[in-house]
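Chemist: Pasting a structure below so you can have a look.
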């Protein structure tokens, strides 16, 4: 196999000596007997981490494990380098504030029977006592942080727009001064202009609050803006990970390529019609082989192991060819 | 919600520029669970519902009238003493007349007075039975639904065991073991009614427990009992409230059946089922003795049912947008 004639890999993100705030180490997750996430490892740091994949790829399930809502079947969720399952009580409470979710679709993420103010205040009283006046002041401050008028505090979620609800969800998460936000499709339910404003907000908050983001999405443009590192998931496995810019500029896995080219662009060619959507049965060859234009006998017989390539990790037998443009639309 | 009379929230990101926003600033900031004017909103919504659903409104009015009768029985009954121990053997079995609108019974008591007093007993039984059944059933159901796992399994298996008994038979058995009294009827009926509430609440709470706001509360470190109380319970309450009003008629009918079988309330307490039972042998000759308490049962059960049906439609979020 020829060495691909590509420019040298861009410099890797600066490696910090302290362990990342939040990490998954070989996490396998299952609902009942069916595993939906297979041995995924990733870390969330200040640079932002993207988790990309189609519906059903296991992104949200993995996020629930990282939030401590779901116990891994095997592997570990690490908070500051320590296994979440064995955290002492005090550290566990610390974790409960440090890692917060921002779920998609604000209307389900906010209790329809509670006012916006009460929802935002929920985390304030969970960790320490707070006088009513101090609580009100803090809620107003948080609402200002996310660009909500304080007058909206008395409203119920259904009297807010989708963008306002998403801001309220973010404010609720910020109330406990987290270090990591797990953003599960934070803008998918919003229209495009509102999406852009929410992304602006998230970018601004990262600097102001020193936040690390784990961003789960199928929207590559969003990852590109917020995440230095990205992981692409297919059928519960990470098939490619590396610096976001590299991944999007020159995918090494045919699935990454398919995801990128599935985004319609104004003036560009229409996205490919999708073709087959099957996932190959586990235990026999590459799970992507049924949809892969390059699949050959090796792919049918041998599941590819993740291997380093050009500053990234990719699980594909024919990654070099993908990099060289072997897959054409 | 399109049913809301106010315009929906303004477009992102600007807040309202109209006075509403300023008033919100100046007034109490919204940390309360309810919006500022809950009563007015509720009344407005009720009125709107009443216009849309005449039958349910009629049921509500009818029910209010029955409750008023029950509360005011000592004052509006033509012969208040007949609601209790009084007997007038010389006036036995008089047909309906100007003096006795509903006639008199075997011992000469005014049946109208006893129907009015009977409303107290029947409504008390309905409220007590449903209160107990809902308290037990909703508590267990909400715990089962939120906790899931083995806790849910244990609670639901116990519930199933209770459901496996025919309700009336279980009530009968309990009523026979205990002394016949209003309390006995209440305990016996509550024992057969709670499993339905446990089941209903568990299934609703289980779906509420998967909502984003519950996960968010868990991630914020809110203790589980508080999550259940603050989020799961209020958001599971609507179907339970509807079921309560639908069941009230059934409870009154069943308690009447127990009295009719002679193991519920006993003389001289005025109770509709008991009055029907005591009058049944006289039906061919003195029809009024059994007819009027029977009608009272029918009308009350009907009122509760149409109200419950109306509530279901009014509170269903999908129905509300119609």
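The numbers here are math on the coordinates, done by the rules we state, and not lab data. Small disclaimer: the values here were computed from a predicted structure and weren't measured. Using ideal geometry, Cβ is built from the backbone for each residue, glycine included, and neighbour counts are taken over all protein chains shown.
Chemist: What angle, in degrees between 0 and 90 and rounded to the nearest 10, separates the Cα long axis of helix A:132-145 from the longest principal axis of the Cα atoms of chain A?
Modeler: Helix A:132-145 sits at roughly 40 degrees to that axis.
Chemist: How many Cβ atoms of partner chains, on average, are near each residue of A:160-167 if near means within 10 Å of its Cβ? Write out the running numbers ahead of the final one.
Modeler: Details: counts 5, 7, 3, 4, 7, 2, 1, 2.
Average per residue, whole number: 4.
Chemist: In what sequence, highest mean first, do B:249-261, B:92-104 appear when ranked by Cβ atoms within 10 angstrom?
Modeler: Values: B:249-261: 23.1, B:92-104: 16.2.
Output ranking for B:249-261, B:92-104: B:249-261, B:92-104.
Chemist: For residue B:287 and residue B:127, what is the calculated FRET efficiency with R₀ set at 30 Å and r taken between the beta-carbons, to the nearest 0.05?
Modeler: On the way: r = 31 Å, r/R0 = 1.03.
Efficiency computed from Cβ-Cβ geometry: 0.45.
Chemist: Using Cα springs under 10 Å in a Gaussian network model of chain B, which residue among B:289, B:161, B:54 shows the largest mean-square fluctuation?
Modeler: Comparing B:289, B:161, B:54 in the GNM, the peak value goes to B:161.
Chemist: Let me ask something else about it. What whole-number distance in Å separates the alpha-carbon centres of segment B:240-309 and segment B:155-197?
Modeler: 19 Å
Chemist: Report the antiparallel proportion of the DSSP beta bridges in segment A:22-233 as a percent, rounded to a multiple of 5. Can you show the working numbers first?
Modeler: Working: 14 of 31 bridges.
Around 45 percent of the beta bridges assigned by DSSP in segment A:22-233 are antiparallel ones.
Chemist: If you don't mind, there's one more thing I want to ask. Would the protein assembly as shown count as rounded, prolate or oblate if I go by the C-alpha gyration tensor, calling it rounded below 1.5 in a/c and otherwise prolate when a/b exceeds b/c, oblate otherwise?
Modeler: Details: a/c = 2.97, a/b = 2.32, b/c = 1.28.
Verdict is prolate for the protein assembly as shown.
Chemist: Kindly express, to the nearest 10 degrees and within the range 0 to 90, the angle between helix B:111-147's C-alpha long axis and the longest C-alpha principal axis of chain B.
Modeler: 30 degrees
Chemist: Given springs between every Cα pair under 10 Å in a Gaussian network model of chain A, which of A:51, A:294, A:214 has the largest fluctuation?
Modeler: Greatest mean-square fluctuation among the candidates belongs to A:294.
Chemist: Still on this structure, please answer the following. Residues in segment A:149-175 near a label at residue A:203, defined as backbone nitrogen under 15 Å from the 7 Å Cα→Cβ point?
Modeler: Nothing falls inside the zone, counting backbone N under 15 Å.
Chemist: Defining a contact as two alpha carbons under 8 Å apart and six or more residues distant in sequence, what relative contact order in percent does segment B:222-322 show?
Modeler: Numbers: 92 pairs, mean separation 30.3, N = 101.
For segment B:222-322, the relative contact order is 30 percent.
Chemist: With a ≥ b ≥ c the root eigenvalues of the C-alpha gyration tensor of chain B, is it rounded (a/c under 1.5), prolate (a/b larger than b/c) or oblate? Intermediate results must be reported in sequence, preceding the final value.
Modeler: Numbers: a/c = 3.06, a/b = 1.67, b/c = 1.84.
Oblate, since a/c reaches 1.5 and b/c is not below a/b.
Chemist: So, one more: Quick check: from the Cα gyration tensor, does segment B:47-97 come out rounded (a/c under 1.5), prolate or oblate?
Modeler: Working: a/c = 5.44, a/b = 2.75, b/c = 1.98.
Because a/c hits 1.5 or more and a/b exceeds b/c, segment B:47-97 counts as prolate.
Chemist: Among B:109, A:64, which comes first, then next, by fewest other beta-carbon atoms within 10 Å? Each step should come with its number before you reach the end.
Modeler: Details: B:109 26, A:64 19.
Fewest to most other Cβ atoms nearby, the residues stand as A:64, B:109.
Chemist: Ok, one more. Please give the average number of partner chain Cβ atoms lying within 10 Å of the Cβ of each residue in A:116-129, rounded to a whole number. Write down the numbers at each step before the final one.
Modeler: Values: counts 1, 6, 6, 5, 2, 3, 10, 6, 2, 4, 8, 3, 0, 0.
So the per-residue partner count for this stretch is 4.
Chemist: Also: Could you grab the relative contact order for chain B? Cα pairs under 8 Å, six or more apart, rounded to a whole percent.
Modeler: 22 percent
Chemist: In addition: Mind checking the mean number of beta-carbon atoms from other chains within 10 Å of the Cβ atoms in B:220-230? Present the calculation step by step, with values, prior to reporting the outcome.
Modeler: Working: counts 15, 11, 6, 1, 0, 0, 3, 2, 0, 0, 5.
Other-chain Cβ atoms within 10 Å of each residue's Cβ, averaged: 4.
Chemist: Still on this structure: Determine, at each q value in 0.08, 0.15, 0.17 (inverse angstroms), the log₁₀ of I(q)/I(0) that the Debye formula gives when each Cα of segment A:22-233 is one equal point scatterer.
Modeler: The Cα Debye sum returns log10 ratios of -0.27, -0.96, -1.21.
Chemist: Can you give me the distance in nm between label points at residue A:93 and residue A:294, each placed 7 Å from the Cα along the Cα-to-Cβ direction?
Modeler: My value for the distance between the label points is 5.3 nm.
Chemist: Could you work out [θ]222 nm for chain A from helices alone, using -39500 (n - 2.57) per DSSP H run of at least four and dividing by all its residues? Round to the nearest 500 deg cm²/dmol.
Modeler: On the way: 12 runs with 110 residues, N = 329.
Mean residue ellipticity at 222 nm (helix-derived): -9500 deg cm²/dmol.
Chemist: Cut-off is 10 Å between beta-carbons; in what order do A:54, A:301 appear when sorted fewest neighbours first?
Modeler: Working: A:54 15, A:301 11.
Sorted ascending by nearby Cβ count, the order is A:301, A:54.
Chemist: Rounding to the nearest 10 and keeping the result within 0 to 90°, find how far the Cα-based axis of helix B:38-52 lies from the longest principal axis of chain B.
Modeler: Value to nearest ten degrees: 60.
Chemist: For each of A:238, B:61, B:67, count neighbouring Cβ atoms within 10 Å of the residue's Cβ, then give the residues from fewest to most. Kindly include the intermediate steps, with their values, before the conclusion.
Modeler: Numbers: A:238 28, B:61 13, B:67 16.
The order, fewest Cβ neighbours first, is B:61, B:67, A:238.
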